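Accompanying notes for the structure given below.
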């Protein structure tokens, strides 16, 4: 998509063939030395010295940023604890796992308390618990700071970001808040139901009848079997019963607008759908059900698929919301 190349150009490591990048009101290509003091970078590739310890890396970077003695040591200790690598602090980097190396690179980007952070896939290879800890850390540092993050993980983008941009084939296709992107490109709802297999056909028939009455331009699509486990594990099921039946399974349906639909209203009948599910619950032995928006992953797939036809490339990019960075 060109994410890393864009990062390299913004950080001044790669000279572009054209265009300009402005950070803090200064040109990256004419005033790079003026930008470095307030810029923190976590590159995609680890840039570490194998024979140095994690603490030595952090202290060295702190001293290069003009922090000396006890101040540099305290910053190093604090960041080692924040990123969960204190136990590795005094061991050589060559003994680190891939995930620990990424955590150290992320910690190095915070030395000097920069106001602009460039994070190129910082959590790649990091275990789930540490990944969540890293997300929480950067999210808590957003006030008064701009963070530009590249990632393949939609969960990471949604956990950290106030605005999300989707790139495809070297071009920026869209940008906006997670909610605005879901509203624009993810028209529809996802219905996940835990019920006996014998009730599936009846549920789909009843749902299609409801839509014919409330929203004729909508249709029901069943999620592919091989996707069910991943989709259901990422959603929180809303409990609507206390019984537990091991013969029941998760059934996922997508309620969305037909491709050829032209009617202006795209609002899903949410209240009607909830009411119907409560009515059908006893009849179909529904154990649990969950109604949610489409995921950011589905929005991403929609945008990139559409961009291959050139339909998204001309979309206007909205300005940032007031007060955001």
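The values are calculated or read from the model by the stated rules, or taken from the named source; none is laboratory data. Since this is a predicted model, take the numbers as computed values, not measurements. Note that each Cβ is placed from the backbone with ideal geometry, even for glycine, and that neighbours are counted across all protein chains shown.
Within region 18-34, can one find any residue that is under 30 Å from residue 97 (Cα atoms) and either assigned by TED's automatic domain parsing to the domain that holds residue 97 or in contact (Cβ under 8 Å) with a residue 24 or more places away in the chain (or both)? For region 18-34, residues under 30 Å from residue 97 (Cα atoms) and either assigned by TED's automatic domain parsing to the domain that holds residue 97 or in contact (Cβ under 8 Å) with a residue 24 or more places away in the chain (or both): absent.
Restricting 231, 218 to those that are closer than 20 Å to residue 286 by Cα, at pLDDT below 80 and surrounded by 15 or more Cβ atoms within 10 Å (Cβ to Cβ) reduces the list to 231.
Going through (1) touching a residue at least 40 places away in the same chain (Cβ under 8 Å); (2) surrounded by fewer than 20 Cβ atoms within 10 Å (Cβ to Cβ); (3) outside any loop (DSSP other than H, G, I, E, B) one by one, residue 102 falls short only on (2). Only one entry of 18, 24, 40 meets the criterion of being loosely packed, with under 15 Cβ neighbours inside 10 Å and within 29 Å of the chain's Cα centre (by Cα), and that entry is 24. Among the conditions (1) surrounded by 22 or more Cβ atoms within 10 Å (Cβ to Cβ); (2) touching a strand residue (DSSP E or B) at 6+ places or on another chain (Cβ under 6 Å); (3) free of Cβ contacts under 8 Å to residues at least 40 places away in the same chain, the only one that residue 119 does not satisfy is (3). In the set (1) farther than 25 Å from residue 131 by Cβ; (2) at pLDDT below 90; (3) surrounded by 14 or more Cβ atoms within 10 Å (Cβ to Cβ), the condition left unmet by residue 7 is number (1). For the residues 90, 46, 113, the requirement of being in a loop (DSSP other than H, G, I, E, B) and at pLDDT 95 or above singles out 90.
Taking region 139-157 as the region of interest, how many residues are out of contact with any strand residue (DSSP E or B) (no Cβ under 6 Å at 6 or more places or on another chain) and surrounded by 18 or more Cβ atoms within 10 Å (Cβ to Cβ)?
Adding up the residues that qualify gives 3.
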